[in-house]
Amino acid sequence: MTENMERAEQAMKDFLEALGLDLHELRMEKTPMRVAQAYAQFFSGLQEEPAAQWGDLITTKSQGLVSVRNLHFQSICEHHLLPFFGTVHIVYCPRDGKIAGFGHFAEVLKTISCRPQLQERMTDEICAAIDEGLQSQGTIVMVKGTHMCLTMLNRLAQDSDIITVSASGCLQQGTEYFDKAWNLLI
């Protein structure tokens, strides 16, 4: 076990005991180790860069918009360290016919969502990663998320979801192609 994992495990043990839990009596002695290992996995995106996920771009004669919809994600809200999850919808306009294989979008999303996150920042980071990695003419990203910090802490928010949008280039609101791209998202 690395020194950082040992520190994380001890910190979790201290945290649980500070809340009044008797880990031995509750048979939770291994819980601090399990939590430390889980969060190391949840935050694995901190060790990766989205740009490394694109691979070789594919050159096509495509001139139209490309939409990748219903990519599922799970992340951890940085405010409460509780999960949020949902779907991501992407529309981008290739530059000079350069596209990426669809699986690469899922890998970029995985890298970005495996970090302590705010949904708004995650949406912007996905948009920027597509713009940078594909050098797209424009991108729109819509994220629809359910936040456990909201639904667990407020019983009136049980069916709530949060929608965030980020757009760039020729697909920004007010541009000629915005409406066409927006219709592909909804």
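The values are calculated or read from the model by the stated rules, or taken from the named source; none is laboratory data. Just so it is clear, the model here is predicted, and its values are computed rather than measured. Note that we place each Cβ from the backbone using ideal geometry, even for glycine, and neighbour counts take in every protein chain shown. These area figures cover heavy atoms from the full protein model, side chains too; ligands, DNA and RNA do not enter into them. Shrake-Rupley method; radii C 1.70, N 1.55, O 1.52, S 1.80 Å.
Table for the structure above
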read-out: Euclidean distance of C-alpha centroids, the range 11-54 and the range 108-186, integer Å; value: 27
read-out: Within-14-Å neighbourhood charge of G138 [Cβ basis; K, R +1; D, E -1]; value: -2
read-out: Kyte-Doolittle at least -1.0, axis length at least 15 Å by Cα - qualifying DSSP helices, the chain; value: 31-42, 102-113, 119-134
read-out: Solvent-accessible area, 1.4 Å probe, carbon plus sulfur percent, for the range 1-149; value: 53
read-out: Normalised contact order of the chain, rounded percent, pairs of Cα under 8 Å and 6 or more residues apart; value: 20
read-out: Among beta bridges that DSSP assigns inside the range 38-158, antiparallel share in %, nearest 5; value: 90
read-out: Shape category assigned to the range 101-186 from the gyration tensor of Cα positions, a/c cut at 1.5; value: oblate
read-out: Solvent-accessible area per residue, Å², over the chain with all protein chains present [probe radius 1.4 Å]; value: 59
read-out: Mean separation of Cα contacts under 8 Å, 6 or more apart, over the residue count of the range 37-118: relative contact order %; value: 46
read-out: Accessible area (Å², 1.4 Å probe, nearest 10) - W182; value: 70
read-out: Solvent exposure ordering (accessible area, 1.4 Å, most first) of D56, D179; value: D56, D179
read-out: Label assignment, Cα extents along the principal axes in Å derived from the structure, set (1) 45, 37, 32; (2) 65, 41, 19; (3) 67, 43, 29; value: (2)
read-out: Pairs of lysines in the chain (C-alpha under 26 Å apart; 8 or more residues apart or interchain); value: 7
